[in-house]
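Asks: Dropping a structure here in structure tokens format, bear with me for questions.
The values are calculated or read from the model by the stated rules, or taken from the named source; none is laboratory data. What you see is a predicted model; the values in this text were computed from it and never measured. Ideal geometry is used to build each Cβ from the backbone, glycine not excepted, and the neighbour counts take in all protein chains shown.
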């Protein structure tokens, strides 16, 4: 089964994509029949269905821009699914032909004939090196005997018996070589070691080791240490004579999903295939106890869920997953800022980006309950009235959210009613219906005025401790957590598909000549496919929604550095826009930033 968002292969029973976390069983979207309305989104494949075959074309489906034109100034082009598949098919055919020719040339250079029957036979000695002329026949080489618990790759050939061999069979059965077989040099070395004097400190240390006492007197471990090859210490939480506590990251968290407990994930899966939860960088609490302590009694009083226990170097460890208590005892606090700039190159043209930062944050009984919608809409460059399309998108979303999320609850409370928290399905449905409404209005406007305007959209709706990410097109939403940046959205563009399919490297999206070609946008057709997923928020998180004019000019490491160093979201917005203009400013630049406290 192939993911409709990132085209990654998944198992047939997977509910969510292991690479991007998007649902896999979305209803298929049919392409329009009229040629005047190009399709903007590839249809999601049905379960157990094969990926669509690329159409046979005699000419390239995607025309390369003229060499004399700057590709960065080319208008955004909406691609049909047929053009996307034709481009990828042609790319794969060219790539396979180049690899085949390169392999053939290398084989011809090494051997005059590449046929296996014509290549020389290489004999290897027991040590793995090519055999010389004096190698003994296989029948004359000694038989190597190994004990049952000794790995073959670590065993050395037994010496050929010389003289009396009585007792040798018993020694090999026991897995050891008798002392009489030891070389004279080894006997002399052992005698020399045994004759050396042992100091008092060394004797005490050896005595403690034999008694099971730790060598370091239960000193805490350092940040960066990794236990069992999977639990990396990121923070020391507590140091005590009987227990140390660390915050750790489980690099093998795929073995058990922290959210639903699924054990059906495999190594390399970034998202749980059963619930869609992110499997990367999930924090746990690691409790460390000395060898002399009563670790079992201490583990019994932990508040969270114990997901693993083990012993390493005489110490006992318990991995605790925190209970479902809120990470925000007094509710989440949001610091918000938004800004937009036309950019250096298009300074004289209308800015086709629009932003929305709509927030309501009330504190009642010392508990903060934030509600807000934060959106960046990028009008499609080169199309009619791109700035009108992005403004209409923002206005429709703002009006619907104010009515549903803000005005309705306040009116209910005014009349004496109780307003409970909205269910997750209701929140996702509201966000999806709002974006679909904006898309339908744009399509109707295009049909009425015979125009071709459109807009991408990205952002997030924050309700309490969760953010609901939404995306259509190639604008992006990022999150910075614990100082590291993560791209939460998937680009609905040709270069995004090429990266997901392994055809180009991620850094190639910044310079690829077809980077302006997208296949999903608002206003293109009435049944646009929308990406929506949920993200748990933690104190210290930073959310950024931005247009492609920002992320194409400012690479991810620089975005990460600015967001981590800025004291507030308004400063971060200003610094990001300045950086984009300094690096070229080839497009409109917009950002909406939320600091979670």
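Asks: Which one of 332, 357, 377 is modelled with pLDDT of 90 or more and in contact with a helix residue (DSSP H, G or I) (Cβ under 7 Å, 6 or more places away or on another chain)? It would help to see each step written out before you state the result.
Replies: Working: 332 fails: in contact with a helix residue (DSSP H, G or I) (Cβ under 7 Å, 6 or more places away or on another chain); 357 fails: in contact with a helix residue (DSSP H, G or I) (Cβ under 7 Å, 6 or more places away or on another chain).
Exactly one of 332, 357, 377 is modelled with pLDDT of 90 or more and in contact with a helix residue (DSSP H, G or I) (Cβ under 7 Å, 6 or more places away or on another chain), namely 377.
Asks: Does residue 411 count as modelled with pLDDT of 95 or more and either in the same structural domain as residue 549 (by TED's automatic domain parsing) or surrounded by 17 or more Cβ atoms within 10 Å (Cβ to Cβ) (or both)?
Replies: Values: modelled with pLDDT of 95 or more: no; either in the same structural domain as residue 549 (by TED's automatic domain parsing) or surrounded by 17 or more Cβ atoms within 10 Å (Cβ to Cβ) (or both): yes.
It is false that residue 411 is modelled with pLDDT of 95 or more and either in the same structural domain as residue 549 (by TED's automatic domain parsing) or surrounded by 17 or more Cβ atoms within 10 Å (Cβ to Cβ) (or both).
The rows are residues; the columns are (1) within 30 Å of residue 274 (Cα to Cα); (2) outside any helix (DSSP H, G or I).
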residue	(1), (2)
533	yes, yes
538	yes, yes
545	yes, yes
550	no, no
554	no, yes
561	no, no
571	no, no
575	no, no
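Asks: Would it be correct to say that residue 467 is surrounded by fewer than 20 Cβ atoms within 10 Å (Cβ to Cβ) and more than 14 Å from residue 523 (Cα to Cα)?
Replies: Numbers: surrounded by fewer than 20 Cβ atoms within 10 Å (Cβ to Cβ): no; more than 14 Å from residue 523 (Cα to Cα): yes.
Taking the combined requirement at face value, the residue does not satisfy it.
Asks: Here's something else I'd like to know. Taking the condition assigned by TED's automatic domain parsing to the domain that holds residue 580, surrounded by fewer than 19 Cβ atoms within 10 Å (Cβ to Cβ) and in a loop (DSSP other than H, G, I, E, B), does residue 347 pass? If you could, list the steps in order and put the result at the bottom.
Replies: Numbers: assigned by TED's automatic domain parsing to the domain that holds residue 580: yes; surrounded by fewer than 19 Cβ atoms within 10 Å (Cβ to Cβ): yes; in a loop (DSSP other than H, G, I, E, B): yes.
For residue 347, the condition - assigned by TED's automatic domain parsing to the domain that holds residue 580, surrounded by fewer than 19 Cβ atoms within 10 Å (Cβ to Cβ) and in a loop (DSSP other than H, G, I, E, B) - is met.
Asks: Going through 232, 263, 267, 252 one at a time, which residue ends up being farther than 17 Å from residue 321 by Cβ and either in contact with a strand residue (DSSP E or B) (Cβ under 9 Å, 6 or more places away or on another chain) or outside the structural domain of residue 533 (by TED's automatic domain parsing) (or both)? Steps first, answer last, please.
Replies: Numbers: 232 fails: farther than 17 Å from residue 321 by Cβ; 263 fails: farther than 17 Å from residue 321 by Cβ; 252 fails: farther than 17 Å from residue 321 by Cβ.
When all the criteria are applied, what remains is 267.
Asks: Let me ask you something else. Please give the number of the condition residue 421 fails out of (1) surrounded by fewer than 19 Cβ atoms within 10 Å (Cβ to Cβ); (2) touching a strand residue (DSSP E or B) at 6+ places or on another chain (Cβ under 6 Å).
Replies: That leaves (2) as the condition not met.
Asks: Output the number of the condition that residue 584 fails; it satisfies all remaining conditions of (1) at pLDDT below 95; (2) not in a strand (DSSP E or B).
Replies: (1)
Asks: Let me ask something else about it. If a residue must be within 15 Å of the chain's Cα centre (by Cα), under 29 Å from residue 364 (Cβ atoms) and either at pLDDT below 95 or not assigned by TED's automatic domain parsing to the domain that holds residue 516 (or both), how many such residues does the stretch 449-498 contain?
Replies: Total meeting the criteria: 1.
Asks: Pairs only if they're at least six apart or on different chains, beta carbon under 9 angstrom, first in the stretch 566-594 and more than 23 Å from residue 510 (Cα to Cα), second part of a loop (DSSP other than H, G, I, E, B); list them, first residue then second.
Replies: Within 9 Å, the pairs are 594/541.
Asks: Across the stretch 424-449, what is the total count of residues that are without any contact (Cβ under 8 Å) to a residue 40 or more places away in the chain, farther than 24 Å from residue 377 by Cα and surrounded by 12 or more Cβ atoms within 10 Å (Cβ to Cβ)?
Replies: Total satisfying the criteria: 0.
Asks: Separate question: Just need a number here: residues in the stretch 303-318 that are in contact with a helix residue (DSSP H, G or I) (Cβ under 6 Å, 6 or more places away or on another chain) and more than 13 Å from residue 284 (Cα to Cα).
Replies: 1
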